[in-house]
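Working notes, beginning with the structure itself.
Derivation of every value follows stated rules applied to the coordinates shown; laboratory data play no part. These numbers come from a predicted model, not from an experiment. Positions of Cβ are backbone-derived with ideal geometry, glycine not excepted, and every protein chain shown enters the neighbour counts.
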């Protein structure tokens, strides 16, 4: 659900405003209403944002170093340490670039050995030009060696490195690759490489010292600048009245934090007003769900937060998403792996990752359940296994036809559920009369269509089914066709109703059929797992030790690949069904902005 918000307006004397803001920041419950800033105001903020980014980058750089960082010095100047660290980083990057250049020159020079360029220069002064070539050994022996004045220098990896000596600038064309050597001897290049590596290693030691001594200081400086930045932004969002004597600040506070804020304001003697959000205002969004639905909030945020007047759909799509994930992965063995890995991770991971691991447990349980329903365990089709103790269970395994019907039924239920939420949303946002036409469509989709289909297949008597379908069609069709825009011209209502009928008829079937992907992905995952099982059994050699080893390797590789691909599809395709089919039929608008309180 979305926590209701209250709008606060504060009127503070300018001399008390700075202290008021700092106290408000410490309290951390007010989401300040922002306003558009001009370029001059933005420039000041951009400088601090840039400094904040530099500090964050440097902290990440030092935090990766595997040394003891517990004795951090917090008594120095953080910005001075940052400047010094950036200077060392620039040197390190320069040494790294120099090393790349030197090592590239070394790779070119090594086949030619250690020689002096002074000799080459003396030959050039005397009118002899020395050129450096490389060619495949076969071509050198057959075409070059007997036709030109050349001297072989080295023979490596099927290539001959040789020099050609010619007089003056005579034009000699040779079928070989001419090499441009670096203007330094091999020994000088090796010496340069050693010196550059030593300088870079010295800088690495400096980084370790900074990480050990100043990481805490840099984090403290970052937090301080972040607080200053928040404070500066709030000051810029403040409206000045009475010749800058009075400061007016507006913001949003959740109702569950309202008592805390009121107590704070009473002790400060600040004048304030509280109001409900106007219909044209869009307060920030703070979600408050039960423990189960809260785990699915990050999934909903991948798309967008709801608008303030809307119904939060998290609690409604959460069980469907969990079941859809299990349907797509559809293997009890894979599900147990997910549960085991997630439970193990709960004892090892940081607190911020534990909600995701708990979500993984639920998804693993759903996968295990759907694997049991479909009868698949690590690619083994349990319905075909001739184990006596499985006989009683095998009769309950759903075959492919029943799984497909199950997938379509889930889709129909979720789409219908979304339509009821759409009616509730309209009633909440605009009033009950605006939801009547949607309720009419709900009656048609929930009663008329299913009853008519059941009658056609003689699940219930055809005459009774047709009568019930016709009555519910009339009951639902009248408001759907003639009351879809309350207060408007009846002809306009009829035209809108006809258009809605076309959209419903064309969209409903397509939306429901989209859920067949649940069945298709689950089936493909099971078949591919079974294929790897078959390959492992067929390709293992009949050797006592080698045979089982080959089988294990094929199974490990095959099931790892299948699990990765299936898990990725199981994450993405339920997202699509949620954000497209369900959100569309629920009339979800979205676009809300998250609640971000002004705090330290």
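Quick notes on this one:
- The ranking of 141, 90 from fewest to most other beta carbons within 10 Å of each one's beta carbon is 90, 141.
- Taking 0.36 nm per residue of separation and subtracting the current Cα-Cα distance, fully stretching the chain between residue 568 and residue 45 would add 184.2 nm.
- As a rough guide to protection, the peptides 250-260, 330-340 ranked by mean Cβ packing within 10 Å, highest first, stand as 330-340, 250-260.
- Over the chain, Cα pairs under 8 Å with separation of 6+ residues give a relative contact order of 21 percent.
- Values [x] 1.30; [y] 1.47; [z] 1.16 are given for comparison; Cα Rg over 2.2 N^0.38 Å, derived from the coordinates here, is the one labelled [y].
- Estimated FRET transfer efficiency when R0 is 60 angstrom, pair residue 513-residue 147 (beta carbons, to 0.05): 0.20
- The ranking of 238, 314, 462 by Cβ neighbour count inside 10 Å, starting from the fewest, reads 462, 238, 314.
- Helix 332-346 and the longest principal axis of the C-alpha atoms of the chain enclose an angle of approximately 80°.
- Ordering of 565-573, 362-370, 228-236 by packing is 362-370, 565-573, 228-236, highest average first (other Cβ atoms within 10 Å, averaged per residue).
- At R0 = 35 Å, FRET efficiency that the Cβ-Cβ distance of residue 205 and residue 154 yields, to 0.05: 0.35
- Peptides 581-591, 539-549 ranked from most to least packed give 581-591, 539-549, packing being the mean of other C-beta atoms within 10 angstrom over each peptide's residues.
- Cα-projected label distance for residue 392 with residue 228, points at 7 Å along beta-carbon direction, nm: 7.4
- Look at 471, 225 and count the other Cβ atoms within 10 Å of each Cβ; fewest to most, that gives 471, 225.
- The angle between the Cα long axis of helix 78-109 and the main principal axis of the chain comes to about 50°, on a 0 to 90 degree scale.
- Potential lengthening between residue 385 and residue 553 on full extension [0.36 nm per residue; Cα-Cα distance subtracted]: 58.2 nm
- 0 to 90° range, to nearest 10: angle between helix 14-27 axis and the chain longest Cα axis: 90
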